[in-house]
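Reading through the structure tokens given below for one structure.
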Amino acid sequence: MEIIRTISWMKQAARNARRQERVVGLVPTMGALHEGHLSLIREAKKKCSPVIVSIFVNPKQFGPNEDFSKYPRTFEADRKALEELGVDYVFVPPPEEMYPAGFRTSVMVEGLSDRLEGRSRPGHFRGVTTVVLKLFEIVQPNLAFFGRKDAQQARILRQMAADLDLDAQLVVCPIVREPDGLAFSSRNVYLKGEERRSATALYRSLEALRREITAGERDVARLIEAMRSVIQSQQGVTLDYAEIVDADAFEPAATLWKPSYALLAARVGATRLIDNALIEPEGESIRVTV
Ligand code: PAF
């Protein structure tokens, strides 16, 4: 496994692989790798060679009052995990390599970036699309792997790839959960003691939604209320939003008879967590994937 710190070297390595007509896979991460990331890498290993994992804590996607400086950085443990998985290249650019003095450009997917996560975290998606476009330009992957936990991010990146005629195909992989249902996230390390237990409220809320739908409930407003009430009755957890949105437009869903997402964001103590369920009509019934 080769660790690469410069853009020119990363471009060269990826270019060599493309010349040999190999399927280049990119897994963009901010490090602090957990089972969710590892599942993306395993999927990439099945489909691609070489597999390139980028580790870059992207300052542009953090707001001024967010956790950029304390975001977990665990490079040694990450390196070991990547080595064990047989990753070919780890791209770890320093911030001044990605954003040299005088850097001025950003890319923004209009509309989709303003709502939900975008409303709670102004500028967040502009930072994400800017860095991912740079990574796509540097690596020019055939396939790029993202997790469904960041469903809005995946939708926005898909739009960016379509609008800008990028060759990279996005592969969106399932959410990976701890045994008690909490979705893996690099931010889970912030959860201490009781907070860790309270954090399962997000999963329990999605499970409540699944139970209601399985029992035949189809009214979107009542389903949102069922999700909200689980979160609101959990001490120490503050709901940011609970919504059911059309999976394409990310606008409030009027019906469950089109693919949609139930999306949640909540604060557990000082830690902001997100989670979601995919809702898909299947003949006469509705499938809920948590
Ligand atoms: O999902 C993430 O970890 C980040 O938003 C990404 C895609 C690596 C861009 O910094």
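In table form, for the structure just shown:
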quantity	calculated
Of the criteria (1) away from the ligand (no atom under 15 Å from the Cβ); (2) exposed (fewer than 15 other Cβ atoms within 10 Å of the Cβ); (3) of a type in the set (D, E, K, R), which one Glu35 fails	(1)
Considering residues of the stretch 159-180 that are part of a helix (DSSP H, G or I) and hydrophobic (A, V, I, L, M, F, W, C) only, the residue nearest to Asp67 (Cα to Cα)	Met160
Helices (runs of 4 or more DSSP H) wholly inside the stretch 181-252 containing at least 1 residues that are among the hydrophobic types (A, V, I, L, M, F, W, C) and under 22 Å from the mean Cα position of the chain (by Cα)	201-214, 220-232
Test result for Ile156, buried (at least 21 other Cβ atoms within 10 Å of the Cβ), of a type outside the set (Phe, Trp, Tyr), within 16 Å of the ligand (Cβ to nearest atom) and part of a loop (DSSP other than H, G, I, E, B)	no
Lone unmet requirement of (1) over 25 Å from Thr74 (Cβ atoms); (2) surrounded by 18 or more Cβ atoms within 10 Å (Cβ to Cβ); (3) among the β-branched types (Val, Ile, Thr) for Val139	(1)
Count of residues meeting criterion [touching a Phe, Trp or Tyr at 6+ places or on another chain (Cβ under 9 Å) and near the ligand (Cβ under 10 Å from one of its atoms)] in the stretch 139-153	4
Residue match in the stretch 80-103 (condition: on the phi > 0 side of the Ramachandran plot and in contact (Cβ under 8 Å) with a residue 24 or more places away in the chain)	yes
Cβ-Cβ under 7 Å pairs, at least 6 apart or on other chains, the stretch 43-56 side basic (Lys, Arg), far side assigned to a helix (DSSP H, G or I)	Lys45/Leu85
Arg15 vs. criteria out of contact with any Pro (no Cβ under 8 Å at 6 or more places or on another chain), over 28 Å from Thr271 (Cβ atoms), more than 10 Å from the ligand (Cβ to nearest atom) and at pLDDT 95 or above	yes
Of the criteria (1) in contact with a helix residue (DSSP H, G or I) (Cβ under 8 Å, 6 or more places away or on another chain); (2) within 13 Å of the ligand (Cβ to nearest atom), which one Gly86 fails	(2)
Residues satisfying the stated conditions in the stretch 95-138, i.e. more than 15 Å from the ligand (Cβ to nearest atom), farther than 30 Å from Asp246 by Cβ and not hydroxyl-bearing (Ser, Thr, Tyr)	Glu96, Pro100, Ala101, Gly102, Phe103, Arg104
Boolean, Tyr99 is more than 27 Å from Asp275 (Cα to Cα), touching a strand residue (DSSP E or B) at 6+ places or on another chain (Cβ under 7 Å) and among the hydroxyl-bearing types (Ser, Thr, Tyr)	no
Every pair of residues 6+ apart whose Cβ atoms lie under 7 Å, when the first sits in the stretch 146-170 and is more than 24 Å from Gly181 (Cα to Cα) while the second is of a type in the set (Gly, Ala, Ser) and outside any helix (DSSP H, G or I)	Ile156/Ser113; Ala161/Ala168; Ala168/Ala144; Leu170/Ala144
Residues of the stretch 184-225 satisfying the condition of being among the hydrophobic types (A, V, I, L, M, F, W, C), more than 16 Å from the ligand (Cβ to nearest atom) and touching a residue at least 60 places away in the same chain (Cβ under 8 Å)	Leu191, Ala199, Ala201, Leu202, Leu206, Leu209, Ile213
Members of the stretch 45-73 that are away from the ligand (no atom under 14 Å from the Cβ) and not in a strand (DSSP E or B)	Lys45, Lys46, Lys47, Cys48, Ser49, Pro50, Pro64, Asn65, Ser69, Lys70
Test: residue in the stretch 8-22 that is under 17 Å from the mean Cα position of the chain (by Cα) and assigned to a loop (DSSP other than H, G, I, E, B)	no
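The values are calculated or read from the model by the stated rules, or taken from the named source; none is laboratory data. It should be emphasised that the depicted structure is a prediction, and the values quoted were computed from it without experimental measurement. Glycine gets a Cβ as well: all are built from the backbone with ideal geometry, and neighbour counts include every protein chain shown.
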